[in-house]
Structures are given as structure tokens and as C-alpha cells.
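> Below is a structure I'd like to ask you about.
Laboratory data are not the source of any read-out in this text; all were calculated from the coordinates shown. Just so we're clear, the structure is a prediction, and the values are computed from it rather than from any experiment. All Cβ positions, glycine included, derive from the backbone under ideal geometry; neighbour counts span all protein chains shown.
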Number of protein chains: 2
Amino acid sequence: MYDLKTYLKNKREQINKALDKLLPDSQDSRLISAMKYSLMAGGKRLRPILCLAASEAVGGQADEALPAACVLEFIHTYSLIHDDLPAMDNDDLRRGKPTCHKAFDESTAILAGDGLLTLAFEILSSSEFVNEKNAVKQLKVIYEISRAAGCCGMIEGQMRDISSENLSLSIKDLEKMHTLKTGALIEASVTCGALMGNGTKTDINSLKIYAKNIGLAFQVTDDILNIEGDPCIMGKAAGTDESRRKSTYPSIMGIDSSKEFAEKLVDNSLKALKNFDKKSDPLRAVSLYILNRKR
Amino acid sequence: MYDLKTYLKNKREQINKALDKLLPDSQDSRLISAMKYSLMAGGKRLRPILCLAASEAVGGQADEALPAACVLEFIHTYSLIHDDLPAMDNDDLRRGKPTCHKAFDESTAILAGDGLLTLAFEILSSSEFVNEKNAVKQLKVIYEISRAAGCCGMIEGQMRDISSENLSLSIKDLEKMHTLKTGALIEASVTCGALMGNGTKTDINSLKIYAKNIGLAFQVTDDILNIEGDPCIMGKAAGTDESRRKSTYPSIMGIDSSKEFAEKLVDNSLKALKNFDKKSDPLRAVSLYILNRKR
């Protein structure tokens, strides 16, 4: 049986070290302190791990994909900071700690989010990681990430999520919202990993199918955890979807069918990897981890 | 005498057409409608014009610099949307129209800003404008813009601006704040224009000095207009700096010395162009325009 726990622990350590190194010195800057506060507040590092694991799955070096992997966490963290704002989801707690606007203030939190988003592109275009040889590949990575995170991806998803509070969504609309809000960046994570690892087009297409399925599975299990999860383990409140009258998979299809749906999605993700060898075992293990996670 | 009025009018038309074309279709998206609302609400288009004029000044084609020029306006507009938010400057009026959060709502405005910022990098890395030949140049442009707009540039400047309300700043701290908040992106505008126009390092260094001086001159005249300007012409309220107890050039050095300082800065900007030929006449004219502007 594959030892995912050790793999995740090692990758998280590698990623956390790299994230810390990529941030400018925070000594004299309230802005950078706030960016660092949210970035280093824990978190599963799912997107960077997927990026590194995808790079390894296609036979690449994990190290080469590390800057892209880190940048995905910058963008994920910025989206959490902005989503938590009083004008959005108005959350006080994230990853078990006060949200950025609670620990600092609202204007600092808005700017910290902006700062993390912009720094992502500064890193991807920095001469430290770019040379004549990999310039075209690097631009493809920038395109994948900006497209997934942007107004036809994650941001549109968040807009739809906010606009649909108190509305009863159809399964189709709910799925579209999640595909945009979380699916797009998860798909970009494996795509960028595969690009950095010099994967073929066929590899990338299979990995995209893998990502689409685990992205949605992640969301379905998120909805289930919001009902059944332990707030102490999750580091955030439970039951918030119901009190906000949000459409969720359990609210539309019931909790048992939601669990079956999550299992089916994870099964599909594993099938998408059928032509990959042992190097994609971490990706396979991540699928199962998503199904059985407690937070 | 150089006919700047016609030059600006033509460039603005060219830029406005290109901006509109670069936005995704807004038909079904509240998010993109809000992005479009703020982007197309008028504005001087100073940064894109500087980018195009710098490209021409070094002998480049204005067309090649057009995507970079547009992206600078995307980023400028995003920064205005976020700066106007209730948690920041809390402004109701911008370019003579309700600010984005007034015309839409706060969460839409935050996301519209995020969307414009992210779209900037999507455009710069899009295969529509990128090929094997210009990939390295394009990455340099992305780096210049993200660095200038980021947490060691514009965003840090806005953080300092907010933090310094009700404080008496020294001239040195005031200048540093403005250099970050507006100077960095203005400098990036001419640098990116010169990069796209294949300018030499010497060209770029001279243009950076030009930009530093007009950037600061722009801020000094902004402070003067906030006291002496006509709100009807400016499209925004006057006297706001004093009521917010902001440190400004007039509040520190008096209005007459501020005017002399602006003249000196514009003079320095013209000196920086002394080795450029007639092709840099638009840049020279922009310097004088900044000194004499009414809005």
C-alpha cells in the first residue's frame, strides 16, 4: 500500500520552505506580514502537491515544477482572503486561525490578497526561473494559471457562488459553479505540473480528466464535511452552508447519494490514470485521500 | 508646436477600441459587466499612451506595444476599483460616475478588480500575442508590470497611503509613498513600451528617468488640483485630501513651492529625453500636459 502520509508530509515541508523563501522580507511591511500570515497559516497544500505529483507522473523533476506549485498556493490563499471578507462570505475563522481581515483589518486583507495574486506572476516571470530555453513553456504556465484563476474561471465561480445564496440551484448549475470556483485551478495545477515535467499532450489530457473528477469530488466531500465534519479537526465552523441557505450536493441529492457520487468521481479519476505507471501512485493516493478526508 | 491634442485623441480611440476587444463577452456575467463598467468609464489612458509613445520613441511599432499598453490600463483600473472601496478610500464618484461598488455592490467590485488584474496576465501570456521569437521579451514585460504593480510597488504604496492618514509625513516619506503608489506603474509603462519597441538599455534607462519625473509631477499636480481644481472638470470631489487630513505636497511645502517643484520635475523629464529625436515629441508634450492639466 502506498504511503501517502509520508509523501504528503515531505512535499508539504518542501513547499512550505519554498513558499517562505519566495515571500519578500516582511520586517517593515504590514502588507507583507499579512500576506505571510495567511500564506503560512497551515493548509493542505493540495494544489502545489498536485502540481509536483503531476510533474513526477509524466517523468519530470519535481524541483523544476516547484515555483509553479508555490504560485498556485499564493493564488489559492489570495482567493481565500478575499472570499472571507465581510462583503463576501464574512468568515472569522480559516484554517483554525482568525481570517486575515480579523487578524489585521479589511483594507490590509484586500491588499494582501492583491499582493499574493500579483506576486504569483512576478515569480513566474522572474529571471531566476526563466531562460531562453524554457520561456515558451513558462508563458504557457502563466496562461494556464491566469486563465483558470480569472474572470472565466475561479473569480466567475466565486461571483456565481455569492449570487446564488438563498437560491435553489439545479445540479447542473451547482456543478458549473464548482467547476469554475475550485475545479479550474485544480485542473491548472496538474496541467502546469505536466507542462513543467514535459508531459505529452495525451498525458496532459488524461491528467485534466483526472483533475476534473477529483476537483468535483473535493467539493462534494466539502459539502458533506460541512454537515458531518468535526469543527475542531476542520479548523472552521460546520453547518454554515445550511444557515446561509446555500445549495449543496447533500441539499439537492441527499447525503447518501452525495457520498456515492463522490465515490464515482474518485473512481473516474483513477480510470483516467490507467495508462500511467507507478510514478503516478501519489496522484492515485490523493484521490482516495480526498474521499476519506476529515478536513 | 506639436499637436498633442490630436495625438492623444487618436491614441485614446485606438486604446479604447482595443480595451473593449480584449474583454470577454459580458452578456451573461455580472462580473464582466462590472469590469467593463469601470474600464470603459472614461479616464485619461495616461499609462497606455505612455507605453505606446515610448515604443515609438525608440523606433518601434505602436501596434506591437498595444496589448501591453491595454494591460496597464486594466491594472490601473483594478487599483482604482479597490482603492475606492468602503474599507479603503470610500469614494462614491470616479471619472464623474458612481464608483464600481456604488454601481454594483462591494463584493462585485472586489471581484471585478481581481478579474481585471488577472486578465492582464492572461492577455500578456496568450498565444494570440506570444510566439517563440518574442517569448523572452514578453516575459520581461510580465515581470516589469507585476513587479511595479505588486507588493514592492503599487500595492505597498496604497498600504502606506492608507496607513498614513492623519499622520504628518516628511517630504521623503511622501515621495517614497508616491513613487510606489503611482510612480512604479508609470515607470513600467514606458519601460514596457521601450521593451516592445526593442529599445536599447540606454534608451530604457533614459526613459525610466523621464518616467520617474513625470510620475512625481503627476502626483504633485494631483495634490494641487485637489485644492484648486474644478470638481465639474475633474469628475471627482475637491478638498478631500484636507478633510481626510492627508499629507500632500501643498500641505508640507505650500502651494507656490509645490507648483515650482512640479515645473522642475517636468523640466528634468524633458532633459532625460535630450538624446531622443522627433519621435519622442509626444513624450515631451505629455510632460507639459501633466503640468498644465485641469483634471
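> Quick one: the Cα spread of the range A:142-181 along its three principal axes, in angstroms, biggest first?
36, 16, 9
> Under Stokes-Einstein, with the Kirkwood radius over Cα pairs standing in for Rh, what whole-number D in µm²/s applies to the range B:180-263 at 4 °C and 1.567 mPa s?
Values: Rh = 14.3 Å.
For these conditions, the coefficient is 91 µm²/s.
> If I model the protein assembly as shown as equal point scatterers sitting on the Cα atoms and use the Debye formula, what is log10 I(q)/I(0) at q = 0.10, 0.12 Å⁻¹?
Computed log10 I(q)/I(0) values: -0.85, -1.18.
> Further question on the same structure: In terms of modelled amide H atoms, which long-range or inter-chain residues lie less than 5 Å from the amide H of residue B:169?
For residue B:169, whose amide H was placed from the backbone, the distant partners under 5 Å are B:247.
> Further question: When the Karplus curve 6.51 cos²θ - 1.76 cosθ + 1.60 is applied with θ = phi - 60°, which whole-Hz ³J(HN,Hα) does each residue of the range B:205-210 get, with x for Gly and Pro?
For the range B:205-210, the Karplus curve yields 4, 5, 5, 5, 5, 3 Hz.
> Determine the shape class of the range A:130-289: with a ≥ b ≥ c the square roots of the Cα gyration tensor eigenvalues, call it rounded for a/c under 1.5, and otherwise prolate if a/b is greater than b/c, oblate otherwise.
Prolate is the answer for the range A:130-289, as a/c is 1.5 or above and a/b outweighs b/c.
> Moving to a separate point now. What are the semi-axes of the equivalent ellipsoid of the range B:191-236, taken as the square roots of 5 times the eigenvalues of the Cα gyration tensor, listed largest first and rounded to whole Å?
Working from the Cα gyration tensor, I get semi-axes of 32, 12, 5 Å.
> What would the Debye formula give as log10 I(q)/I(0) at q = 0.11 Å⁻¹ for the alpha-carbon point model of chain B, no solvent?
Scattering profile of chain B, log10 relative to I(0): -0.63.
> Which of A:106, B:144 comes first, and how do the rest follow, when ranked by fewest Cβ neighbours within 10 Å?
Values: A:106 17, B:144 23.
Neighbour counts put them in this order, fewest first: A:106, B:144.
> Okay, moving on. Can you give me the relative contact order of chain B as a percent, contacts being Cα pairs under 8 Å and 6 or more apart?
22 percent
> May I pose another question? Can you give the direction-averaged projected area of the convex hull of the alpha-carbon atoms in the range B:99-195, in nm²?
That works out to 8.1 nm², a quarter of the Cα hull's surface.
> Which ordering of B:274, A:140 is given by a fewest-first count of other beta-carbon atoms within 10 Å?
B:274, A:140
> Please compute the modelled spin-label separation between residue B:97 and residue B:274, points set 7 Å along Cα→Cβ, answer in nm with one decimal.
Rounded to a tenth, the inter-label distance reads 4.4 nm.
> Rounded to two decimals, what ratio of Rg to Rh does the range B:1-135 give with C-alpha atoms and a Kirkwood Rh?
Radius of gyration relative to Kirkwood radius: 1.00.
> Let me check against my output: what whole-number percent is the relative contact order of the range A:92-249, with C-alpha pairs under 8 Å and at least 6 apart?
Dividing the mean separation by the residue count of the range A:92-249 yields 26 percent.
> Pop the C-beta distance of residue B:294 and residue B:27 into the FRET formula with R0 = 41 Å and round what comes out to the nearest 0.05.
On the way: r = 37 Å, r/R0 = 0.91.
The computed FRET efficiency comes out at 0.65.
> Which order results if B:206, B:38 are arranged by neighbouring Cβ count within 10 Å, fewest first?
Listing B:206, B:38 from fewest to most nearby Cβ atoms yields B:206, B:38.
> Taking amide H atoms as placed 1.01 Å from N in the peptide plane, list the residues 5 or more away in sequence, or in a different chain, whose amide H sits under 5 Å from that of residue A:93.
A:99
> OK, next. Suppose only helical runs count, i.e. DSSP H with n ≥ 4. What mean residue ellipticity at 222 nm does that imply for chain A under -39500 (n - 2.57) per run, divided by all residues and rounded to the nearest 500 deg cm²/dmol?
Estimated from H runs of four or more residues: -21500 deg cm²/dmol.
> In addition: Suppose R0 equals 35 Å; then what is the FRET efficiency for residue B:17 and residue B:168 from their Cβ-Cβ distance, rounded to the nearest 0.05?
0.15
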